[in-house]
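I have placed the structure first, in the form of structure tokens, so that the comments after it can refer back to it.
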Amino acid sequence: MKRFYNRLVFIFLIATNTSALAQITSNYCLAAPRYDTEVFSTVDTSLNIVFGANSNYQNVNTVLKMDIYQPSGDTASIRPLIVFAHGGSFIGGDKSNSDQVDLCTHFAKRGYVTATINYRLGISFPFDSTNATRAVYRAVQDMKAAIRYFRKDAATTNLYHIDPNVIFIGGSSAGALTALHYAYLDQYNELPVAIDTAVMGNIEGNSGNAGYSTAVNAVINLCGALGKKTWMQPGDEPLVSMHGTADNVVPYNTQMLNLLTVFPILVVDGSYSINRYADSIGVTNAMYTYFGAPHVPYDGGTLAQQAYLDTTVRFVSNFLYSYLGCTPIDPNPLPNTFNTTNSIVEQNDIDELLIYPNPVHQDLTIQLKSIPTAVILRNLTGKEIYRCEKQLSNTSTIPLHQFAKGMYLLEVITKDKTLVEKVIIE
């Protein structure tokens, strides 16, 4: 089935803390149009605030800093907090990226306290799923240290007057991956085999401000993805997602994540797949599609990029304001004013190769809409070291425990095409 997809879904869960949330948010609605529109003309910035430190991928201590934005002249004693993380494929980027400055500024003008954080960068060679997974994990640990920093401040010096009960996280590209994995990769039995907690630390991490909660209220996913959408569970944090259909870095659907657009790393679930799964399990969410748009289309100074930025801020703002229990001035979904000539193909219509686990210790599972005619494993010189042509189905299990550790190329041949993926045997 094919369909255009551009809708806003607000299915607010009835939880045991409903009355507490109503008590928290009632004053926010009384402050309208604050949080719904820009009511401050300028913002104050506190730059290079140290919130922690930890060892990077080369075991070198990295001091973690963030920039904090507050509405100028604000007299409110308590404000919701938004913490953003920048993009850059986990090997580059900075808290001063223009899109991060723009997002923090626009939401601070609405009355929020906002922050954009730096996190540990770097991916060990080779650029593969194992090392990329570890980079995401380090970034998540660092974002958690930033959240603890603000809760510690609220409990002690109270410099920033944040509401410790209303904290949102988000980001662009790699920053969105960080926020998504922060929220939904939250159980030890979900951790990929690439993560050794004895070496890297537990889910909370050791980047600073121990002893304070890392709970968050909702996730802002801008052009991001999850390693597995099934890490999301009923009752998990709500999320708002925005993504372009022509994104060649982080996939809109369930496809290959490409580091720096040229290094295929692993198959991930993009925003569209996450949204459909969230719908199916009742997790509150909103999804906006930038039809025909590339990766992070709102980052830049052109008129088109600024139009995307305006759309992004308005859509996310509506979601957060509704989460606060308030009614936006314009509560309806923003019209899609971009190219809608190409329909969106749902995952069931894509002949997509999925392999897991990867890295693999023993048996590799292969899933494909088509039934393969052959599965071939080659070493990096191209030499065939394994072939299977019998008893193959849409889901097949291939034993790989007999092969030496290392990187290999897996060829899955169908009657129409040959699909190739990298496999790491550990």
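None of the figures in this text is laboratory data; all of them are computed from the coordinates on show. None of the values given here were measured: they were computed from a predicted structure. Neighbour counts run over all protein chains shown; Cβ positions are idealised from the backbone, glycine included.
Scan segment 270-323 for residues that are among the β-branched types (Val, Ile, Thr) and in contact with a helix residue (DSSP H, G or I) (Cβ under 6 Å, 6 or more places away or on another chain) and report the count. Counting residues in segment 270-323 that are among the β-branched types (Val, Ile, Thr) and in contact with a helix residue (DSSP H, G or I) (Cβ under 6 Å, 6 or more places away or on another chain) gives 2. The residues of segment 57-80 that are more than 25 Å from LEU320 (Cβ to Cβ), surrounded by 15 or more Cβ atoms within 10 Å (Cβ to Cβ) and of a type in the set (S, T, N, Q) amount to a single one, THR62. Counting the residues of segment 90-112 that are farther than 24 Å from ASN27 by Cβ, part of a loop (DSSP other than H, G, I, E, B) and not aliphatic (A, V, I, L, M) gives 7. Given the condition crowded, with 21+ Cβ neighbours inside 10 Å, within 19 Å of the chain's Cα centre (by Cα) and within 23 Å of THR62 (Cα to Cα), answer yes or no: does some residue in segment 98-108 qualify? Yes, that holds for at least one residue.
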